[in-house]
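Report on one structure; see the data block that follows.
The values are calculated or read from the model by the stated rules, or taken from the named source; none is laboratory data. If you're wondering where the values come from, they're calculated on a predicted model, not measured in any experiment. Ideal geometry is used to build each Cβ from the backbone, glycine not excepted, and the neighbour counts take in all protein chains shown.
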Amino acid sequence: MGFQPDPGKKFRVILVRPQSPENIGLVARAMKNAGFADLHLVHDRLLPSQAHITAVHAEDILDKARLCSSVGEAVSDLDAVFAAVARHRKNFPSLALEQALDRLDELPSGSRVGFLFGNERTGLESLELRHSNFRFTLPQASVQPSYNLASAVLLTLFHVSRMAGGRGVVEPWERPLPRSEQEDCIRLILQKLEEKRFIRSGNQRHMDERIHDLFGRLAMTAADRDLLLAIFGKR
């Protein structure tokens, strides 16, 4: 019997600006192999027909895939987002895959979780990483710069699938807010910090990214939001 994803959590794969139609099809095939079905594409055009050629026995995933105009739209209803990165980003520290799986395992049952993968050539941009709670890297030989997109998706989902049978049930967290509500709170905090002149034109980008990373890793719950907004004088 093949692996099945953890039935207590709902998973989504999000491809951001995928360049190769063939890779989109291979990602759908990888998802089918690992037991996943929810695919969102941040794409500025219709799904190319070439993707169906490589989506062997996974055409149904492509047929149901949702096209989104932005990363924010693709993750708005998710509770936690894990973004795959090939290299360390100064303001967005990353976890090893095993560490990311530990954080994933801590999320309560019913959590809606997304895995974010960037363009094959450029990866995820900083503005796109702001929509994630955690970043993770895949283990690889140091001489190889990065995985093929479909390989990265398959390797990630394979390890997520294995969690269903190999780990106990852990329920220490309250369920996080949807990403759209987490980001609304972060925007209010940034606004307050700008009003206090803590954030200025000279450090705005750096501080925006640091704040998104800091509060993103919190995987903010409703209680967290209420406390933060009280601290920052919004409630």
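Count, please, the residues in the stretch 85-130 that happen to be of a type in the set (S, T, N, Q) and loosely packed, with under 14 Cβ neighbours inside 10 Å.
Within the stretch 85-130, residues that are of a type in the set (S, T, N, Q) and loosely packed, with under 14 Cβ neighbours inside 10 Å number 3.
On inspection, V85 does not qualify as touching a residue at least 12 places away in the same chain (Cβ under 8 Å) and in contact with a Gly (Cβ under 6 Å, 6 or more places away or on another chain).
Please go through the stretch 187-235 and pick out each residue that is among the acidic types (D, E) and under 20 Å from L127 (Cβ atoms).
Answer for the stretch 187-235, where residues must be among the acidic types (D, E) and under 20 Å from L127 (Cβ atoms): E194, D208, E209, D213.
Among the residues of the stretch 66-82, the ones that are crowded, with 22+ Cβ neighbours inside 10 Å and either closer than 21 Å to Q19 by Cβ or free of Cβ contacts under 8 Å to residues at least 12 places away in the same chain (or both) come to 3 in all.
Looking across L229, L149, one residue alone is surrounded by fewer than 19 Cβ atoms within 10 Å (Cβ to Cβ) and either closer than 30 Å to E22 by Cβ or at pLDDT below 95 (or both). It is L229.
Residues of the stretch 111-126 being within 16 Å of V75 (Cα to Cα) and touching a residue at least 24 places away in the same chain (Cβ under 8 Å), which ones?
Of everything in the stretch 111-126, those that are within 16 Å of V75 (Cα to Cα) and touching a residue at least 24 places away in the same chain (Cβ under 8 Å) turn out to be S111, R112, V113, G114, F115, L116, F117, G118, L124, S126.
Beta carbons closer than 6 Å, at least 6 apart along the sequence or on distinct chains, pair a first residue in the stretch 94-109 that is within 11 Å of R135 (Cβ to Cβ) with a second that is in a strand (DSSP E or B) and among the basic types (K, R) for S94/R135. For the stretch 45-61, a residue qualifies if it is surrounded by 13 or more Cβ atoms within 10 Å (Cβ to Cβ) and of a type in the set (D, E, K, R), and exactly one does: E59.
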